[in-house]
1. Can you work out which of the residues in the range 109-123 that are β-branched (Val, Ile, Thr) and closer than 19 Å to Arg70 by Cβ is surrounded by the fewest Cβ atoms within 10 Å (Cβ to Cβ)?
2. From Ala73, Ala66, which residue is small (Gly, Ala, Ser) and surrounded by 14 or more Cβ atoms within 10 Å (Cβ to Cβ)?
3. Any idea which of (1) within 14 Å of the chain's Cα centre (by Cα); (2) of a type outside the set (Val, Ile, Thr); (3) on the phi > 0 side of the Ramachandran plot is the one Glu80 doesn't satisfy?
4. Exactly one condition in (1) more than 17 Å from Glu119 (Cα to Cα); (2) touching a Lys or Arg at 6+ places or on another chain (Cβ under 8 Å) is false for Leu52; which is it?
5. Go over the candidates Lys106, Lys88, Lys126 one by one and state the one that is surrounded by 13 or more Cβ atoms within 10 Å (Cβ to Cβ), of a type in the set (Lys, Arg), within 19 Å of the chain's Cα centre (by Cα) and at pLDDT 95 or above.
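The values are calculated or read from the model by the stated rules, or taken from the named source; none is laboratory data. None of these values were measured; they are calculated from a predicted model. Glycine also receives a Cβ, built like all others from the backbone with ideal geometry; neighbour counts cover every protein chain displayed.
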Amino acid sequence: MFTYKMKEIGYTIDLPYGQLDVSGDESAGFRPYQLLVSSIAVCSGGVFRKILDKKRIQYDSIDIEADVVRNEANVNEVTEVHLRFFVKGSEATTEQLEKALALASKNCPIVQSVNTSIEITETIIKKDV
């Protein structure tokens, strides 16, 4: 169970890693949509790394950029998240990386939780070291 405590602006929760402040006001904490997008990106990235490791596909690093589309006409809901995975230092082909990422998307619990309401697209970009 998670217990969120009201602050003057927003809410706070103490978690094992530390305190998390959440607020619609960016000066008082992380905004809920930022946490939503971060959850999608980092879950997908973490599962992607595990799959690459299991397949023994080498890489030096994986950075993720996220573009977000929000529907301002309808409560500013998140409608699309476009993720770009920058894979550095990998000898794998783009096709091998794309197959691993497709598998990651199918096995990421956060992506699977929101994919019927948010369009999620993912792209691999190989970078030389």
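1. It comes out as Thr116.
2. Matching residue, one of Ala73, Ala66: Ala66.
3. Exception for Glu80: condition (3).
4. For Leu52, the failing item is (2).
5. Unique residue meeting the criteria: Lys88.
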